[in-house]
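Student: Below is one structure. I have some questions about it.
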Amino acid sequence: NAPMDTLVYGNICARNTLGGIMIAWYGKNVTVENNVFVDSTKSQACMLFGGKMSGVSLRRNIFAYSDPTADFMRLNLLGDVDIGEIFTEVDGNLIFPPRGRDVTFSRLPSEAAGRTGTWEEWRRRGYDRHSVVADPQFVDPKNDDYDLKPGSPAFALGFQRIDASLI
């Protein structure tokens, strides 16, 4: 079933393959806010856009990854899809790619087009204009403690601490 009228809030997702968040086919009114997505091997967010979709927002999330072959986002556009009609907001995120790497985008290997563009092109389209590329300052990521140190730049973006004591 397509995700509709859904809020994805306050999750910590680590070490997935295609991404800690995937939104696909016919999604409508999906808000992904205040989550931590860490170290997926292919991409941190995977968007499979096809069919009638609208109202998708990604805001105030942390995307951190260390694999130099991974991408920030995988954009798979099936058919005549305009992402401007799908994304309501993509902003206020904190993105931490591997040191020395730019924020990158890709499509599935089966799609010949390959890379979809640069961080600068993405921002010129109106996405992630207020997002920050920086170290989120996790307390102890090697031991899966993704709480944030007091000086984390995520707090300036409006990110709210996630209580992981029950996880």
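Student: Applying the Karplus parametrisation 6.51 cos²θ - 1.76 cosθ + 1.60 with θ = phi - 60° to the phi angles of segment 92-104, what ³J(HN,Hα) value in whole Hz is obtained for each residue in order, glycine and proline being reported as x?
Tutor: Per residue, the Karplus-derived 3J(HN,Hα) values read x, 8, 10, 10, 10, x, x, 3, x, 10, 7, 6, 10 Hz.
Student: Just how large is the dipole of the chain about the Cα centre, in debye to the nearest 20, putting +1 at every Lys and Arg Cβ and -1 at every Asp and Glu Cβ? Could you put the intermediate results ahead of the total?
Tutor: Details: 18 positive and 21 negative charges, 37 e Å.
Charge dipole, the chain, about its Cα centre: 180 debye, nearest 20.
Student: Another question, if that's okay. Residue-wise, which Karplus ³J(HN,Hα) couplings in Hz belong to segment 79-84, taking 6.51 cos²θ - 1.76 cosθ + 1.60, θ = phi - 60°, and x for glycine or proline?
Tutor: Going residue by residue, I get x, 8, 10, 10, 5, x Hz, with x marking Gly and Pro.
Student: Now a separate question. Leaving out ligands, DNA and RNA, and with a 1.4 Å probe, what % of the accessible surface on the chain is carbon or sulfur? Working shown, then result.
Tutor: Details: 4270 of 8650 Å².
Whole-percent figure for carbon plus sulfur exposure: 49.
Student: Another question, if that's okay. If N is the number of residues in segment 51-94, what value comes out of its Cα radius of gyration divided by 2.2 N^0.38 Å?
Tutor: Dividing the Cα Rg of segment 51-94 by 2.2 N^0.38 Å gives 1.36.
Student: For Lys52, which aspartates and glutamates qualify as cross-link partners when the Cα separation must be under 16 Å and same-chain residues fewer than eight apart are set aside?
Tutor: Partners within reach: Asp5, Asp80, Asp82, Glu85.
Student: For segment 44-55, in order, what is each residue's ³J(HN,Hα) by Karplus, 6.51 cos²θ - 1.76 cosθ + 1.60 with θ = phi - 60°, in whole Hz (x at glycine and Pro)?
Tutor: 8, 9, 10, 10, 10, 8, x, x, 7, 10, 6, x
Student: What trypsin sites (Lys or Arg not before Pro) in segment 10-103 are in a loop by DSSP, with at most 13 other Cβ atoms within 10 Å of the Cβ? Kindly include the intermediate steps, with their values, before the conclusion.
Tutor: Numbers: sites: Arg15, Lys28, Lys42, Lys52, Arg59, Arg60, Arg74, Arg99, Arg101; in loops: Arg15, Lys42, Lys52, Arg60, Arg99, Arg101.
Here the sparse-neighbourhood loop sites are Arg15, Lys52, Arg99.
Student: How big is D for the chain, in µm² s⁻¹ as a whole number, if Stokes-Einstein is applied with the Kirkwood radius of its Cα pairs at 25 °C and 0.890 mPa s? Please list the in-between numbers first.
Tutor: Numbers: Rh = 16.0 Å.
Roughly 153 µm²/s, to the nearest whole number.
Student: Over the Cα atoms of segment 4-100, each weighted equally, I'd like the Debye log10 I(q)/I(0) at q = 0.14, 0.23 Å⁻¹, rounded to two decimals.
Tutor: Listed by q, the Debye log ratios stand at -0.47, -1.19.
Student: Using +1 at the Cβ of each Lys and Arg and -1 at the Cβ of each Asp and Glu in the chain, identify which of Gly84, Ala64, Leu18 lies farthest towards the dipole's positive end.
Tutor: Most positive-ward Cα: Gly84.
Student: Run through all the Cα pairs of segment 75-167 and give the fraction in each 10 Å bin from 0, expressed as whole percent.
Tutor: All Cα pairs considered, the percentages come to 13, 36, 31, 18, 2.
The values are calculated or read from the model by the stated rules, or taken from the named source; none is laboratory data. Values in this document were obtained by computation on a predicted structure and should not be read as measured data. Glycine gets a Cβ as well: all are built from the backbone with ideal geometry, and neighbour counts include every protein chain shown. In case anyone asks, the SASA skips ligands and DNA or RNA and just uses the protein heavy atoms, side chains included. Shrake-Rupley method; radii C 1.70, N 1.55, O 1.52, S 1.80 Å.
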